[in-house]
Amino acid sequence: MKIDRQTIGTILAAEMGEDENGEFIQMIAPEEEDESKAADLPEVLPILTVRNTVLFPGVLIPITVGRQKSIKLVKQAYKGDKIIGVLAQKNPEIEDPRASDLYKIGTVAKIVKMLVLPDGNTTIIVQGKQRFEVEEFVDEQPYFKAKVNYLTENFPTKQNKEVKALIQSIRDAANKIMSLNPEIPKEAQVALENIEKPSFLVHFLSSNINAEPKDKQGLLETHDGIKRATKLLQYLLKELQMLELKNEIQNKVHSDIDQQQRDYFLRQQMKVLQDELGEDGPEREVEALRQKGAEKNWPKKVHDHFNKELDKILRMNPMAAEYPIAMNYAELMVDLPWEKYSEDDLDLKKAQKVLNDDHYGLEKVKDRILEYLAVLKLKNDLKGPILCLYGPPGVGKTSLGRSIAKALGRQYVRMSLGGVHDEAEIRGHRKTYVGAMPGKVVQNIKKAKFSNPVFVLDEIDKVNSNFRGDPSSALLEVLDPEQNGEFVDNYLEVEYDLSKVLFIATANSLETIQPALRDRMEIIEVTGYTIEEKIEIAKRHLIPKQKEEHGLKAKDVTFDKKSIQFLIEGYTRESGVRSLERIVGSVVRSVAKSIALEEEYPKKVTIEFIEKVLGGKRFDKEIYSDNNLAGVVTGLAWTSVGGEILFIESSLSRGKGKLILSGQLGDVMKESAMAAISFLKSNAEKYGIDHRIFDQYDLHVHVPAGAVPKDGPSAGITMLTALASVFTQKKVKAKLAMTGEITLRGNVLPVGGIKEKILAARRAGIKEIILSKRNEKDILEIEEQYRKNLTFHFVEQAEEVLSIALTNQKAKDAIQFELKD
């Protein structure tokens, strides 16, 4: 129901028969008066068309007219008898209605007052007099004119109980609506009580109910007054039910609304104070974030999620503990480089030059990286295996990743995984936790400011698992090309595309990498450097770098090849060059101190100067020494710091066939010795060994450097040769070394680390090497300069090994076996 104070005044004026200026207003008389006065009304009426408005008899309403036809009609009528017909349009959207667009039943009205507004529109106040029905339209220009038939009111003058009950129900419903609707003034209830005529009460409430114009027109077109009153009561009861339901809902949330209103007013006051002080309030910060978010190239669901989070922030109390967490989250979302990619420089010749300038050697590794970049150039797609650079410490795995970033023109980020044991460090924490933050992957992407950096996952083999989760399993989604396009960080909560990131992992050992994670990576072995390569690396990179870091000029001090080799062999034992760089730094610092103190120092570093600065040599390399003893054989071994030669010694003494193994041998190496003895026992007659030796003499096998643990199958044929030599008392061929695994059947199997072992043999002065036939392919991969002056024997059977290794000469001081039957 729509009743305001102006409407109340209208009610009272209508009842009293006066307008606001005290002028007489003709009231609708009872039915018999309507019939008598119908003759005073014209047969042809000028018709005013209205939209969204239905005029009822006796009701006083303002009507604003803006159409030229309507303005002409109103002015013409106002000059004359002021009587017009008011008809509603069927479709209010039609600007220039035709006769067919109008309802047939309307209300004749008298213009009480006309006002011309400043905007050109004209407002008239009209009072409805009587209903009419259009018989025909006689003219449409300059405005509608229609021949009408006036309708009498069919409302009983003498009311029975049913009619009185109906009218009282209408009054009660109207009063309840007014009591439930706070927008209706309290005076309205008093004003309605002053309406005595039932017909005017029905018309007035019909004009002011909350109903569609077509429903009000339906009430106007109802000829029977009782039926019209009954329909009105239905509309009033429907509105009353809606108001009662609304009030019930409002009562349920009343306390919450009160609290929100209180907070709102307090925040508004705070905002005013902040404006006066020139400070930025929460609303300004949120709107600034919303503006930044609108500029982001986000998918729609990310935009919706971000705006939803900002709406939550606006509803929060800035003093609440959750407020800074929510703000930090929103700031992270706008700071991340969504869909922001740096342009790749795919000039492979430039990339090749960068790799060669930054790293000496590692040809196979650099070729594989160039192949990877070539595919990226041709396909523009990184969906392939993740590169994992595997090798000992200090060989340049991490710096290779930096060189790749430099060659491509991408940002470089490095994430150290050593000791990571919490899954949340990869996937992030959920926002519900205190101190929650995104995972290191998302943090580093934010730091890079681009979504396609070169991302080095350093020490991926050192990831730990415990009760906090399994970080290596969390890395599966990061590194899997089929999944990382939709990576979900627990803190971020929305998908982030990692498919354009170039991931490069590094590892020192493959044994500790989870199999599923290893399956997603392509293992590229980065082997240790040879002495010759280390010399070149020192000359090209390490020495110039250390001079620059210590403030020396190139001419202040120089290193020759001999001094560099002395540093490498005497003070380092590693596959890489990290210790070598530290040793060079120590020498350069000593020179820098002498220059600062203006002391004398050699411009060219000598061995004597190195020993003076660093002290005596820390390591002695194993050099082959010729011997005339039986049972001593030179073997080749691989260690984490490169290849080495080792000696296996065996001796016999009177006893009961006891076997003694010493030198910190591992289980595999002990088993090799057992297999060699079993082979010789089963073939003793073939090699001229008296079987009684095995029962009447004790055998002792020792590998020197007893403090160093040793293990692996590589010493199998070396053990066999040492035992065959001591049992036959034949010397082993001079300057001969060997490596290979032995089986009980006498087969020689291949072993690994061939390159490092060959280089160790060459440094030790070995001339001949025995290898498994299946290791021949490994020899072909070694540069020719490192194979020069070496003779290789490729064998398949133990018999071949012994025929090559053992001479026919008896060893010096050979044992004269005393055997008993």
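The values are calculated or read from the model by the stated rules, or taken from the named source; none is laboratory data. Just so it is clear, the model here is predicted, and its values are computed rather than measured. Cβ placement follows ideal geometry from the backbone for every residue including glycine, while neighbour counts extend to all protein chains displayed.
A compact table of results
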{"item": "Matching entry among Leu370, Leu355 (being in a helix (DSSP H, G or I) and either farther than 26 Å from Glu522 by Cβ or under 30 Å from the mean Cα position of the chain (by Cα) (or both))", "result": "Leu370"}
{"item": "Residue list for segment 635-667, filter: among the β-branched types (Val, Ile, Thr) and at pLDDT below 90", "result": "Thr639, Val641, Ile645"}
{"item": "Residue within segment 84-106 that is of a type in the set (Ser, Thr, Tyr), over 60 Å from the mean Cα position of the chain (by Cα) and either closer than 25 Å to Asn208 by Cα or part of a strand (DSSP E or B) (or both) present", "result": "yes"}
{"item": "Residue within segment 664-680 that is out of contact with any helix residue (DSSP H, G or I) (no Cβ under 9 Å at 6 or more places or on another chain), within 25 Å of Asn628 (Cα to Cα) and either in contact (Cβ under 8 Å) with a residue 12 or more places away in the chain or surrounded by fewer than 20 Cβ atoms within 10 Å (Cβ to Cβ) (or both) present", "result": "no"}
{"item": "Cross-chain or 6+ apart pairs with Cβ under 7 Å, segment 311-334 first and not assigned by TED's automatic domain parsing to the domain that holds Tyr496 and assigned to a loop (DSSP other than H, G, I, E, B), then at pLDDT 85 or above and surrounded by 14 or more Cβ atoms within 10 Å (Cβ to Cβ)", "result": "Met316/Ala326"}
{"item": "Segment 691-704: number of residues that are assigned to a loop (DSSP other than H, G, I, E, B) and either loosely packed, with under 13 Cβ neighbours inside 10 Å or under 58 Å from the mean Cα position of the chain (by Cα) (or both)", "result": "3"}
{"item": "One residue from Thr606, Thr572 being outside the structural domain of Asp358 (by TED's automatic domain parsing), in contact (Cβ under 8 Å) with a residue 40 or more places away in the chain and surrounded by fewer than 16 Cβ atoms within 10 Å (Cβ to Cβ)", "result": "Thr606"}
{"item": "Residue that is modelled with the highest pLDDT, among those in segment 269-279 that are exposed (fewer than 11 other Cβ atoms within 10 Å of the Cβ) and not hydrophobic (A, V, I, L, M, F, W, C)", "result": "Gln269"}
{"item": "Selection count where residues are farther than 18 Å from Val456 by Cα and assigned to a loop (DSSP other than H, G, I, E, B), scope segment 487-513", "result": "8"}
{"item": "Flag if Gln130 is more than 30 Å from Gln76 (Cα to Cα) and modelled with pLDDT of 85 or more", "result": "no"}
{"item": "Residue match in segment 169-181 (condition: outside the structural domain of Gly85 (by TED's automatic domain parsing), in contact (Cβ under 8 Å) with a residue 60 or more places away in the chain and among the basic types (Lys, Arg))", "result": "yes"}
{"item": "Only one of Gly293, Gly361 that is surrounded by 14 or more Cβ atoms within 10 Å (Cβ to Cβ), assigned by TED's automatic domain parsing to the domain that holds Arg410 and of a type in the set (Gly, Ala, Ser)", "result": "Gly361"}
{"item": "Residue count for segment 107-136, restricted to those that are under 19 Å from Gly66 (Cα atoms) and either of a type outside the set (Lys, Arg) or under 60 Å from the mean Cα position of the chain (by Cα) (or both)", "result": "16"}
{"item": "Counted residues, segment 420-444 - those being surrounded by fewer than 24 Cβ atoms within 10 Å (Cβ to Cβ), in contact (Cβ under 8 Å) with a residue 24 or more places away in the chain, under 13 Å from the mean Cα position of the chain (by Cα) and part of a helix (DSSP H, G or I)", "result": "3"}
{"item": "Breaking point among (1) touching a helix residue (DSSP H, G or I) at 6+ places or on another chain (Cβ under 8 Å); (2) closer than 23 Å to Glu608 by Cα, for Gly551", "result": "(2)"}
{"item": "Residues satisfying the stated conditions in segment 227-252, i.e. surrounded by 11 or more Cβ atoms within 10 Å (Cβ to Cβ), more than 17 Å from Leu205 (Cβ to Cβ) and of a type outside the set (Lys, Arg)", "result": "Glu244, Asn247"}
{"item": "Within segment 705-821, helices (runs of 4 or more DSSP H) holding 1 or more residues that are without any contact (Cβ under 8 Å) to a residue 12 or more places away in the chain and surrounded by fewer than 19 Cβ atoms within 10 Å (Cβ to Cβ)", "result": "776-780, 784-787, 798-805"}
{"item": "Which listed residue is under 12 Å from Leu502 (Cβ atoms) and surrounded by 13 or more Cβ atoms within 10 Å (Cβ to Cβ), from Leu376, Leu389, Leu370", "result": "Leu376"}
{"item": "Unique match (being crowded, with 16+ Cβ neighbours inside 10 Å and not polar (S, T, N, Q)) among Glu685, Glu600, Glu611, Glu649", "result": "Glu649"}
{"item": "Residue tally, condition farther than 15 Å from Ile386 by Cα, among the small types (Gly, Ala, Ser) and surrounded by fewer than 21 Cβ atoms within 10 Å (Cβ to Cβ), over segment 456-491", "result": "3"}
